Amino acid sequence: EIRMEVKDDGYVAARTLKNVTEMVEAQSVFALISPLGTANTASILPLIESKGIPTVGPVTGATSLRAAANKHVFFLRPSYREETQRLVKQIVEMGLKRIAVVYLDNPFGTGGLAALQASAQALGIQLLASAPLDVTGANLAQAVAEVGQHNPQAIIVISAGKPSVDFIAAYQASGRHTLFYVLSVISNVQLVQGLGERARGVVVSQVVPSPWSAKLELSREFQRLARAQGIEELTFSQMEGFLSAKFL
C-alpha cells in the first residue's frame, strides 16, 4: 500500500528541510513526490542524496538542480531554459521584439531570468529591461514603473502564485497595455480567480498534456480517475501531480 504523508512548508525552504528531516528521522518516508519550489528542492538535496530517498517530479525547472550528481532526483518537467526558449520563439514569430521581464527575487526567479537571457541571446533578441519582484510584493509599483517606461510589447513574468497576479493587476491598473507571458508553475485557477476577466489574453506556457484533452489516452485516464474522486474542476497542476504519481 502507498500512504501519503503531506506537510505544508509555506513555500519556506528552511521549513521544507525541517519537514523532510523529521520524516526521514522518523523513518516514515520511503520516497518524496512533487516538492514545490527551486529553493525548497535545493534545501533537501544533500539530505535525500545522503539517505538515498527517491524524489519524483519536483515542481521546478531550475537547471542548477539537474546535476548528474543528484542520482535520486527524477524530473518530469523540462527545464526553464527549454520553456523560456519556446516562449521567446513564439513571441518573436508573432513579430514582437520589444520584450521585458519581471522575475521573482529568489532562486527560482533569478534562475529563470538567467535561462530567459540565454534563450533570448540564442534567438538574437535583446531584452528591453528586467525588474526584480519582491516575494512580498512590496516593490510592485517600482517594478511596474521600471519595465513600463520602456513600453514593451510583451512582458514575461517569471514568478508564481500571488506576486504574479498582483504584478499583472498593478500593470493593468497603471493604464499601460502589453501582452503578458507567464511560466507553467503558476496555477491557472489562481490566475483566473485573482484577475477575473482581466486574465483574458494572458499567455500561460504548459509542460504537461491538457487535462481536458479527449484525444490522449493519458488525459482520458486522468479524467476518469478525477471523476471517480468527485473532482469536477480540472487543472494543469492536477495533471502534473497525476503524471508524477504514475511515474512513481
Scan A245, A214, A226 and give me the residue that is part of a helix (DSSP H, G or I), of a type in the set (A, V, I, L, M, F, W, C) and open to solvent by 40 Å² or more (accessible area, probe 1.4 Å).
A245
Those residues of region 17-43 which are aliphatic (A, V, I, L, M), surrounded by 13 or more Cβ atoms within 10 Å (Cβ to Cβ) and either in a loop (DSSP other than H, G, I, E, B) or without any contact (Cβ under 8 Å) to a residue 12 or more places away in the chain (or both), in sequence order
V29, A31
What is the number of the single condition among (1) modelled with pLDDT of 95 or more; (2) more than 29 Å from I156 (Cβ to Cβ); (3) not polar (S, T, N, Q) that L248 does not meet?
(1)
Expected output for region 104-123 (first residue among the hydroxyl-bearing types (S, T, Y), partner open to solvent by less than 30 Å² (accessible area, probe 1.4 Å) and assigned to a helix (DSSP H, G or I), Cβ below 6 Å, 6+ apart or cross-chain) is S119/T84; S119/V88
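If I ask for residues that are open to solvent by 50 Å² or more (accessible area, probe 1.4 Å) and part of a helix (DSSP H, G or I), which ones from region 229-239 would you list?
S237, Q238
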Could you tell me which residue of region 209-239 is farthest from the chain's Cα centre (by Cα), considering only residues that are farther than 19 Å from V59 by Cβ and polar (S, T, N, Q)?
Q229
Are any of the residues in region 193-202 in contact with a Pro (Cβ under 8 Å, 6 or more places away or on another chain) and either open to solvent by less than 50 Å² (accessible area, probe 1.4 Å) or not in a helix (DSSP H, G or I) (or both)?
no
Applying the selection to region 1-16, what residues are surrounded by 18 or more Cβ atoms within 10 Å (Cβ to Cβ) and not acidic (D, E)?
A13, T16
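The values are calculated or read from the model by the stated rules, or taken from the named source; none is laboratory data. The model shown is predicted, which means the values in this text are computed figures rather than measured ones. So basically every Cβ, Gly included, is an ideal-geometry build from the backbone, and we count neighbours across all protein chains shown. Side chains included, ligands, DNA and RNA excluded: accessible areas come from the protein's heavy atoms. Shrake-Rupley method; radii C 1.70, N 1.55, O 1.52, S 1.80 Å.
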